[in-house]
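Peer 1: Can you read through this structure? Questions will come right after.
The values are calculated or read from the model by the stated rules, or taken from the named source; none is laboratory data. In this text, all values refer to a predicted model and were calculated from it rather than measured experimentally. With ideal geometry, Cβ positions are generated from the backbone for all residues, glycine too; neighbour counts draw on all protein chains shown.
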Amino acid sequence: MAGTRILLVLALCSAATETCAGAFTLTSPTIGSSHVLTEEQVFNGFGCAGKNRSPALRWTAGPEGTKGYAITVYDPDAPTGSGWWHWVLYNIPASVTEVVAGAGDGSGRLLPPGAVQGRTDYGTHAFGGACPPKGDKPHRYVFTVYALKLGKIDVPADASAALIGYMIHANALETASFTATYGR
């Protein structure tokens, strides 16, 4: 009986190690392990004077069956009743596992081929940096990459972040995220 328990524990530990070793993860060399946004990722407008530059993001390959990726940046603390979409990037090819710093500018020249920026709550098709109200507690900015079971999300060019988010969630195989903060 004791031998069976030991074998069972060893088998579970082995399975857990393999699962963790193959985990889908998202990191940012720009933001780093402190997960605090800098003026680089702060919006330039609405009373904020940052550089409005999207951070570099890197992720591990998605699970088997991944045909594309999407990225969102969302502030659940925005005083809107529904949060604030800072970036919606989709139709990222399955062969891509990173976006460079500044890829979220309005020109799209640094985006992976085929990738599309959706309309954010700033009303633009580009990364919109942090800009919480002055005096608010620091806001949380949730950076998420989605491994998708399809290579292309087909939505109108001016689709809302909510519609794109619906399509992303309906086709997600797995997600990886981290939360950064910023206050002023």
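Peer 1: For region 133-142, check the following and say yes or no: at least one residue is at pLDDT 95 or above and under 15 Å from Ser54 (Cβ atoms).
Peer 2: Looking through region 133-142, at least one residue is at pLDDT 95 or above and under 15 Å from Ser54 (Cβ atoms).
Peer 1: Do we find that Phe143 is closer than 29 Å to Ser34 by Cα and assigned to a loop (DSSP other than H, G, I, E, B) in this structure?
Peer 2: Working: closer than 29 Å to Ser34 by Cα: yes; assigned to a loop (DSSP other than H, G, I, E, B): no.
Judged against the criteria, Phe143 is not a match.
Peer 1: Is it the case that region 114-122 has a residue that's of a type in the set (A, V, I, L, M, F, W, C) and either on the phi > 0 side of the Ramachandran plot or not in a loop (DSSP other than H, G, I, E, B) (or both)? Walk me through it before giving the result.
Peer 2: Taking region 114-122 and keeping what is of a type in the set (A, V, I, L, M, F, W, C), we get 115-116.
From what's left, either on the phi > 0 side of the Ramachandran plot or not in a loop (DSSP other than H, G, I, E, B) (or both): 116.
Yes: region 114-122 contains one or more residues that are of a type in the set (A, V, I, L, M, F, W, C) and either on the phi > 0 side of the Ramachandran plot or not in a loop (DSSP other than H, G, I, E, B) (or both).
Peer 1: Look at region 38-53 and say how many of its residues are surrounded by 15 or more Cβ atoms within 10 Å (Cβ to Cβ) and more than 26 Å from Asn91 (Cα to Cα). Break it down into steps so the answer makes sense when it comes.
Peer 2: Kept after step one, since they are surrounded by 15 or more Cβ atoms within 10 Å (Cβ to Cβ), are these residues of region 38-53: 38-43, 48, 50, 52-53.
Then keep just the ones that are more than 26 Å from Asn91 (Cα to Cα); that gives 38-39, 48, 50.
Residues meeting the conditions: 4.
Peer 1: Taking the stated definitions as given, is Gly106 out of contact with any Phe, Trp or Tyr (no Cβ under 6 Å at 6 or more places or on another chain), at positive phi and not aromatic (Phe, Trp, Tyr)?
Peer 2: Values: out of contact with any Phe, Trp or Tyr (no Cβ under 6 Å at 6 or more places or on another chain): yes; at positive phi: no; not aromatic (Phe, Trp, Tyr): yes.
Spelling it out, it is not the case that Gly106 is out of contact with any Phe, Trp or Tyr (no Cβ under 6 Å at 6 or more places or on another chain), at positive phi and not aromatic (Phe, Trp, Tyr).
Peer 1: Scan Ala78, Ala49 and give me the residue that is among the aliphatic types (A, V, I, L, M), over 20 Å from Ala23 (Cβ atoms) and in contact (Cβ under 8 Å) with a residue 60 or more places away in the chain.
Peer 2: Just a single option satisfies the conditions, and that option is Ala78.
Peer 1: Run down Ala56, Ala61 and say which single residue is farther than 23 Å from His139 by Cβ, surrounded by fewer than 17 Cβ atoms within 10 Å (Cβ to Cβ) and of a type in the set (A, V, I, L, M, F, W, C). First the steps, then the outcome.
Peer 2: Numbers: Ala56 fails: farther than 23 Å from His139 by Cβ.
Sole residue among the options that is farther than 23 Å from His139 by Cβ, surrounded by fewer than 17 Cβ atoms within 10 Å (Cβ to Cβ) and of a type in the set (A, V, I, L, M, F, W, C): Ala61.
Peer 1: Out of curiosity, is Arg109 out of contact with any helix residue (DSSP H, G or I) (no Cβ under 7 Å at 6 or more places or on another chain), in a strand (DSSP E or B) and basic (Lys, Arg)?
Peer 2: Spelling it out, it is not the case that Arg109 is out of contact with any helix residue (DSSP H, G or I) (no Cβ under 7 Å at 6 or more places or on another chain), in a strand (DSSP E or B) and basic (Lys, Arg).
Peer 1: Which of the numbered conditions does Val100 fail, given that it passes all the others? Conditions: (1) in contact (Cβ under 8 Å) with a residue 24 or more places away in the chain; (2) more than 16 Å from Gln41 (Cα to Cα); (3) surrounded by fewer than 19 Cβ atoms within 10 Å (Cβ to Cβ); (4) aliphatic (A, V, I, L, M).
Peer 2: So the condition that Val100 fails would be (2).
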